[in-house]
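Here the structure is laid out as structure tokens; the discussion comes afterwards.
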Amino acid sequence: MNIEGKRTTIQASPQKLFDFLSDFNHYEQLMPEQIVNWKSEKDTCSFTVKGMADLSLKFGKKQAPELLELVPDGKSPVQFTLTVKLEPDTLNEQNAVVQANVDADLNPMLAMFARKPLENLANTITEELKKVFP
């Protein structure tokens with residue numbers, strides 16, 4: 001299942017956003033309210049999705065300044081990749097267009113329940129970035 005988040009313009013350069021997003025210590029402020037028990041270091045994080053599961057993430061790939069991939073670290077109830085794409089805004093190169101996408105390997109039944117929370121995760125990250133970089 002592939003979920004494409006909303007494309008959002010942020011008032012920061014792609015490199016500045018990449019640097020910010022390259023540290024999991026910054027992600028807690030970007031998470032939806034269903035995320036609790038947040039713990040992080042620069043390259044890993046762990047948390048609980050209320051009523052669902054405990055997860056740990058690490059960076060699977062970093063391509064400065066346009067791409068970050070977040071993948072499960074260790075045992076995970078769901079195999080997925082959260083990809084954050086960064087590109088210069090064509091109207092203003094001081095700004096970046098950000099999009100978070102989720103690609104999850106789910107059976108059809110689980111996909112029905114997981115689609116909305118995963119969409120919420122992708123869109124909340126980009127919306128919260130607007131508050132960090134007003």
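The values are calculated or read from the model by the stated rules, or taken from the named source; none is laboratory data. Source: prediction; values computed, not measured. Because the Cβ atoms are built from the backbone with ideal geometry, glycine has one as well, and the counts that use them run over all protein chains shown.
If P65 satisfies all but one of (1) surrounded by 15 or more Cβ atoms within 10 Å (Cβ to Cβ); (2) in contact (Cβ under 8 Å) with a residue 40 or more places away in the chain; (3) not in a loop (DSSP other than H, G, I, E, B), what's the number of the condition it fails?
(3)
Select from segment 75-99 the residues that are under 11 Å from the mean Cα position of the chain (by Cα) and free of Cβ contacts under 8 Å to residues at least 60 places away in the same chain and list them in ascending order. Before you say what the answer is, go through the steps one by one.
Of the residues in segment 75-99, the ones under 11 Å from the mean Cα position of the chain (by Cα) are 81-85, 98-99.
The answer is T81, L82, T83, K85.
Say whether the condition of being within 24 Å of K16 (Cα to Cα) and out of contact with any strand residue (DSSP E or B) (no Cβ under 7 Å at 6 or more places or on another chain) is met by at least one residue in segment 109-116.
no
Report, by residue number, each residue of segment 1-20 that is within 15 Å of K131 (Cα to Cα) and among the aromatic types (F, W, Y).
Listed by number, the list holds a single entry, F20.
I'm checking my understanding of the structure. Among residues of segment 45-62 that are out of contact with any Ser or Thr (no Cβ under 9 Å at 6 or more places or on another chain) and in contact (Cβ under 8 Å) with a residue 40 or more places away in the chain, which one is nearest to P14 (Cα to Cα)? Let's see the steps before the verdict.
First, pick out the residues of segment 45-62 that are out of contact with any Ser or Thr (no Cβ under 9 Å at 6 or more places or on another chain): 48-52.
Next, only the ones that are in contact (Cβ under 8 Å) with a residue 40 or more places away in the chain stay: 49, 52.
On the way: V49: 29, M52: 33 Å.
So the residue we want is V49.
Give just the number: which of (1) assigned to a helix (DSSP H, G or I); (2) out of contact with any strand residue (DSSP E or B) (no Cβ under 8 Å at 6 or more places or on another chain) does E28 not satisfy?
Of everything listed in (1) assigned to a helix (DSSP H, G or I); (2) out of contact with any strand residue (DSSP E or B) (no Cβ under 8 Å at 6 or more places or on another chain), E28 misses just condition (2).
Each row is one residue, and each column tells you yes or no for (1) in contact with an Asp or Glu (Cβ under 9 Å, 6 or more places away or on another chain); (2) under 25 Å from D19 (Cα atoms).
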| residue | (1), (2) |
| --- | --- |
| I35 | yes, yes |
| V49 | no, no |
| L118 | no, yes |
| T126 | no, yes |
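Does P32 count as within 15 Å of the chain's Cα centre (by Cα) and either in contact (Cβ under 8 Å) with a residue 12 or more places away in the chain or more than 20 Å from K131 (Cα to Cα) (or both)? Write out each step before concluding.
Working: within 15 Å of the chain's Cα centre (by Cα): yes; either in contact (Cβ under 8 Å) with a residue 12 or more places away in the chain or more than 20 Å from K131 (Cα to Cα) (or both): yes.
Against the criterion (within 15 Å of the chain's Cα centre (by Cα) and either in contact (Cβ under 8 Å) with a residue 12 or more places away in the chain or more than 20 Å from K131 (Cα to Cα) (or both)), P32 qualifies.
Yes or no, residue by residue, for (1) in contact with a Pro (Cβ under 8 Å, 6 or more places away or on another chain); (2) within 14 Å of I125 (Cα to Cα); (3) modelled with pLDDT of 95 or more:
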| site | (1), (2), (3) |
| --- | --- |
| R7 | no, yes, yes |
| L21 | no, yes, yes |
| F24 | no, yes, yes |
| L30 | no, yes, yes |
| S40 | no, no, yes |
| V49 | yes, no, no |
| S56 | yes, no, yes |
| G60 | no, no, yes |
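Take segment 41-60 and flag every residue that is among the hydrophobic types (A, V, I, L, M, F, W, C), surrounded by 13 or more Cβ atoms within 10 Å (Cβ to Cβ) and part of a strand (DSSP E or B).
The initial filter retains those residues of segment 41-60 that are among the hydrophobic types (A, V, I, L, M, F, W, C), namely 45, 47, 49, 52-53, 55, 57, 59.
Subset that is surrounded by 13 or more Cβ atoms within 10 Å (Cβ to Cβ): 45, 47, 49, 52, 55, 57, 59.
Answer for segment 41-60, where residues must be among the hydrophobic types (A, V, I, L, M, F, W, C), surrounded by 13 or more Cβ atoms within 10 Å (Cβ to Cβ) and part of a strand (DSSP E or B): C45, F47, V49, L55, L57, F59.
Only residues that are in contact with a strand residue (DSSP E or B) (Cβ under 7 Å, 6 or more places away or on another chain) and outside any helix (DSSP H, G or I): list them for segment 9-25, please.
Residues of segment 9-25 that are in contact with a strand residue (DSSP E or B) (Cβ under 7 Å, 6 or more places away or on another chain), as a first pass: 9-10, 12-14, 17-18, 21-22, 24-25.
Answer for segment 9-25, where residues must be in contact with a strand residue (DSSP E or B) (Cβ under 7 Å, 6 or more places away or on another chain) and outside any helix (DSSP H, G or I): T9, I10, A12, S13, S22.
Say we look at segment 90-110 and pick out the residues that are in a loop (DSSP other than H, G, I, E, B) and buried (at least 16 other Cβ atoms within 10 Å of the Cβ); which of these is modelled with the highest pLDDT? I'd like the intermediate steps shown before the answer.
So the first thing to find is which residues in segment 90-110 are in a loop (DSSP other than H, G, I, E, B), and the list is 90-95, 106-107.
Those left that are additionally buried (at least 16 other Cβ atoms within 10 Å of the Cβ): 95, 106.
Numbers: N95: 97, L106: 90.
My answer is N95.
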